[in-house]
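The values are calculated or read from the model by the stated rules, or taken from the named source; none is laboratory data. Being a predicted model, the structure only gives us computed values, none of them experimental. Cβ: placed from backbone, ideal geometry, glycine included. Neighbour counts: every protein chain shown.
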Amino acid sequence: MESWRSPHVPDLAHEAPAPVRLGPDGEIPETQVRLYVCGITPYDATHLGHAATYLTFDSLVRTLRAGGHEVTYVQNVTDIDDPLLERAEKIGVDWRELATSQIDLFRSDMTNLRVLAPDHYVGAVESIDLVVQAVERMGDTYRLADAAAGSDDVYADVSADERFGEVSGFSREEMLDVFAKRGGDPERAGKRDALDPLLWRGKREGEPDWDGQSLVAGRPGWHIECAAIGEHYLGGAPTIVGGGSDLLFPHHEMSAMHLRSMGYEDSALYLHAGMIGYEGEKMSKSLGNLVLVSKLVEQGVDPRVVRLAMLDHHYADDHHWTDADLERASERLAAYQQAVKDRREGGAMTALVVHDCMTDDLDTPAALWALDAWAAGDAPRVAGGDQREEIADLLTTVDALLGICLIGGPFDTACGCLESL
Ligand SMILES: [Zn+2]
């Protein structure tokens, strides 16, 4: 599937891969990183919650690459699944049309926010064969007939996996509760274990289906989709798996189990972005309070301001978006731009601090505090430093790591900072 246009990222000089600390106890020492990030199910316009998740992994890729790591980045699009079909039926449009329009909107949001494109952007529909082949290779699967549909579904047996539960650390009670709430079918009669996840859904009247080769005709389950796409496009199991924190269970737990069943015993590092609410409530379509990136941009908000507003929160924290977030970010952008014009001193030291903040679990709020201090004239200075060089150093770092160009226009994809200094 076609990705979006990646912004230019200036090179930061590095000698050896810098270790990047992630999460409570993760560190990325390897040079080669295989990153898999769970993409959108294209049934709902892309709101700030989605944007914050993909911005998190944009920050991660920028930080890893700037530190000398080679990153292969794969992101999927779940362009066939129950929520997409249900929404399409509800609003009376073809599911393919709904998916295409939502994917287009997502691409334009990502471009406007200068979010790095993955190396491979892959849809479920174009990956049906990969999923079928993965299911065929897996042990510990079983078929369950649906007499009314005259079709068979295929499930994975969680009781056969000794390490099941390792990703979430949830108790069985928690698992059962969350599984039911997040698309699972614990009540389905005939399953070996209530938690067994669906690998392949046999053909149903009125639903799209594809050739399942040795399986019956049907369509893929969600967790196996990510395991199969990741394996194929990364050339093995991922070293880092990312997504919103609502994917911890069952999605990431099940995908990890599937990868083991496909022969990969090494655990990935799971990294989750927090959830975003709106002024004290959950952000949801049903509450009618979705804040859309596309709407903000339409209203004339500079995408760099949206980006700064989101970077003001640590990726792992849940937070509530308020309109004041935008005001604060807008003031910040203006202050930083003014400081560039004024050739504020302390750019080189501030660039180092920003870099350190990012390698310390992507601490973007701390990176912004360092920029605030610099803009206010409170940054430590290098005695005898060349002001133009110092400013250039800081502009390059802010562009490379935070994805913000402080001189060009709001929609520039290639930073013109240094040329215009
Ligand atoms: Zn996924």
Query raised in the report: For residue 41, are the conditions met, namely being at pLDDT below 95, more than 20 Å from residue 354 (Cβ to Cβ) and within 16 Å of the ligand (Cβ to nearest atom)?
Result: yes
Report task. Taking residue 68 as the residue in question, decide whether it is closer than 20 Å to residue 120 by Cβ, among the small types (Gly, Ala, Ser) and outside any helix (DSSP H, G or I). Result -> no
Query raised in the report: Got a number for residues in the stretch 72-123 being within 16 Å of the ligand (Cβ to nearest atom) and over 23 Å from residue 5 (Cβ atoms)?
Result: 5
Query raised in the report: Within the stretch 308-323, can one find any residue that is over 22 Å from residue 244 (Cα atoms), modelled with pLDDT of 95 or more and crowded, with 21+ Cβ neighbours inside 10 Å?
Result: no
Query raised in the report: In the stretch 16-38, how many residues are outside any strand (DSSP E or B), more than 16 Å from the ligand (Cβ to nearest atom) and in contact with a helix residue (DSSP H, G or I) (Cβ under 9 Å, 6 or more places away or on another chain)?
Result: 3
Requested in this report: Could you look through the stretch 236-278, keep only residues that are within 20 Å of residue 311 (Cβ to Cβ) and within 11 Å of the ligand (Cβ to nearest atom), and pick out the one that is surrounded by the fewest Cβ atoms within 10 Å (Cβ to Cβ)?
Outcome: 244
Query raised in the report: Got a sec? Which helices (runs of 4 or more DSSP H) wholly within the stretch 319-388 have at least 3 residues that are closer than 23 Å to residue 21 by Cβ?
Result: 347-359, 364-375
Query raised in the report: Just one of the numbered conditions (1) among the small types (Gly, Ala, Ser); (2) farther than 22 Å from residue 275 by Cα; (3) within 17 Å of the chain's Cα centre (by Cα) is not true of residue 316; which one?
Result: (2)
Query raised in the report: Residues in the stretch 221-229: is at least one more than 16 Å from the ligand (Cβ to nearest atom) and among the β-branched types (Val, Ile, Thr)?
Result: no
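Could you tell me whether residue 395 is outside any helix (DSSP H, G or I) and within 30 Å of residue 26 (Cα to Cα)? Walk me through it before giving the result.
On the way: outside any helix (DSSP H, G or I): no; within 30 Å of residue 26 (Cα to Cα): yes.
Taking the combined requirement at face value, the residue does not satisfy it.
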Query raised in the report: Hey, residue 59 hits all of (1) away from the ligand (no atom under 16 Å from the Cβ); (2) of a type in the set (S, T, N, Q); (3) touching a helix residue (DSSP H, G or I) at 6+ places or on another chain (Cβ under 6 Å) but one; which does it fall short on?
Result: (3)
Query raised in the report: Say we look at the stretch 207-220 and pick out the residues that are in contact (Cβ under 8 Å) with a residue 24 or more places away in the chain and of a type in the set (D, E, K, R); which of these is farthest from the ligand (Cβ to nearest atom)?
Result: 211
Report task. Please work out if residue 44 is over 30 Å from residue 11 (Cα atoms), of a type outside the set (Lys, Arg) and not in a strand (DSSP E or B). Result -> yes
